[in-house]
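Taking it in order: structure first as structure tokens, then the write-up.
The values are calculated or read from the model by the stated rules, or taken from the named source; none is laboratory data. Here the structure is a predicted model, which means the values were calculated and not measured. Cβ atoms come from the backbone with ideal geometry, glycine included; neighbour counts cover every protein chain shown. Accessible surface is based on the protein model in full, side chains and every heavy atom, while ligands, DNA and RNA are left aside. Shrake-Rupley method; radii C 1.70, N 1.55, O 1.52, S 1.80 Å.
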Amino acid sequence: MKPGKAFVAGVVGGAVMSVCLAVARLLGMPVNLEMMLGTMTGMAPGSGTWVLGLIMHLVISGLIALAYAFGFEHVSHRSGALPGVVFSLVHIVIGGLFMGLMPAIHPMVPERMAAPGAFMSNVGDVGVIAFVVLHAIYGAVVGVMYGPVVHPAAPIERRVIGRRAMA
């Protein structure tokens, strides 16, 4: 396994997600993952809290990519965009359910911040679609950046063709 490469791939995948979320916000989608993560610490919303949330998102993204790397190495025995997207299906289910738990674990949800709902369902159909597509993009980025899975060659066994009796 290549943990360093996996972590960096996850950070890049997380950064791509954050850029896409920023574009979605500009288009009017009420979703700010970085602020939600930053305020989980109890800090009030603000630019410093957003930066903290971004850092948290990138670190979490790097750590999640380690699970993808394990899957590439030990389950599919290959990486790339398609295996990354396939592994993202598990990530989508776990992440989607986690989003549904926000009111139970976030100190400001739902009193001061809107609950996103499972799979961002409280944002509407576009929220669910965005959630799934962004995680699939993350998986593709991680799969491509991780690079080929190379297993060391198995040792060649010495075969004894015939034995001569020793006296």
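Quick rundown of the values:
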| read-out | value |
| --- | --- |
| Sequence of Met43, Met120 when ordered by accessible area, the most exposed leading, probe 1.4 angstrom | Met43, Met120 |
| Computed E for Met43/Lys5 - FRET, C-beta separation, R0 41 angstrom, nearest 0.05 | 0.80 |
| Leu101/Asp125 FRET efficiency (R0 25 Å; Cβ-Cβ; nearest 0.05) | 0.75 |
| Solvent-accessible surface ranking, highest first, for Val150, Val133, Val142 at 1.4 angstrom | Val150, Val133, Val142 |
| Kirkwood Rh (inverse of mean 1/r, distinct Cα pairs), the stretch 1-133, angstrom | 15.5 Å |
| Residue-level accessible surface for Leu21, protein heavy atoms, 1.4 Å, Å² | 10 Å² |
| Which of Ser61, Ser47, Ser76 is most accessible, then next, and so on - probe 1.4 Å | Ser47, Ser76, Ser61 |
| Distance in nm between pseudo-label sites at Leu82 and Ile94 (7 Å out along the Cβ direction from Cα) | 2.4 nm |
| The chain - percent relative contact order, Cα under 8 Å, separation 6 or more | 30 percent |
| For the stretch 86-91, Karplus couplings with θ = phi - 60° (6.51, -1.76, 1.60), whole Hz, Gly/Pro x | 4, 5, 5, 4, 5, 4 |
| Highest-MSF residue in the chain out of Arg25, Arg78, Arg112 [GNM, Cα springs under 10 Å] | Arg112 |
